[in-house]
Amino acid sequence: MRNKKSAIQFSKFVFVGAMNTLIDLGVLNLLVAVLGLSKESPRFVFLKSASFLAAVTFSYFCNKYFVFKTRDNGRKEMKKEGLKFFSVSLAGFVLNVTAASATFFFLTQVAESRVPINILANLSALTGSLFTMFWNFFGYKFWVFKKK
């Protein structure tokens, strides 16, 4: 029974992760469209950072109430939980943006100008998401939203 519950929980996490990825990509693409992007510019790191932060805010509430189904145990406990979530997410942020940025800078060198820059940005963002998926799941499950 426990394995089935964990599998369902992981499935919900993957679903929320897909929604987070859509938010991440949506915000990234909006920022690229509005602010522009070139392979010579270090701007990708900042745009990817902003899109990640938008997605992680959505992620907190979905993981708390839908995936791990934790209750509100008062303001003090919620602050502690929020700090734990932020800590895991901050490490995930570093993993995500580092992997995405390294992929972006690599792809822009390899692809030269044959592939549109926004496609390279999206492929890079997806790479970052894959790097952080398991880190976040285990951090949230066993530390942030751990059942007492």
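Please treat every number below as a calculation from the coordinates, not as lab data. It should be emphasised that the depicted structure is a prediction, and the values quoted were computed from it without experimental measurement. As a convention, Cβ positions derive from the backbone with ideal geometry for all residues, glycine included, and neighbour counts pool all protein chains shown.
For this structure, a couple of remarks:
- Residue check: Ser38 meets all listed conditions (1) among the small types (Gly, Ala, Ser); (2) surrounded by 16 or more Cβ atoms within 10 Å (Cβ to Cβ); (3) touching a residue at least 60 places away in the same chain (Cβ under 8 Å); (4) closer than 18 Å to Phe104 by Cβ but one, namely (2).
- Those residues of segment 102-114 which are surrounded by 19 or more Cβ atoms within 10 Å (Cβ to Cβ) and within 14 Å of Thr132 (Cβ to Cβ), in sequence order: Thr103
- Options Val97, Val115, Val110; residue that is within 10 Å of the chain's Cα centre (by Cα) and over 30 Å from Asp72 (Cβ atoms): Val97
- Taken together, the criteria exclude Ala121 from residues that are in a helix (DSSP H, G or I), surrounded by 14 or more Cβ atoms within 10 Å (Cβ to Cβ) and out of contact with any Leu (no Cβ under 7 Å at 6 or more places or on another chain).
- Residues in segment 110-128 that are over 23 Å from Val34 (Cα atoms) and either touching a residue at least 40 places away in the same chain (Cβ under 8 Å) or in contact with a strand residue (DSSP E or B) (Cβ under 9 Å, 6 or more places away or on another chain) (or both): there are none.
- Output for segment 62-76, where each listed residue is more than 16 Å from the chain's Cα centre (by Cα) and closer than 17 Å to Phe142 by Cβ: Phe68, Lys69, Thr70
- Note on segment 41-59: residues that are surrounded by fewer than 23 Cβ atoms within 10 Å (Cβ to Cβ), under 11 Å from the mean Cα position of the chain (by Cα) and not aliphatic (A, V, I, L, M) total 3.
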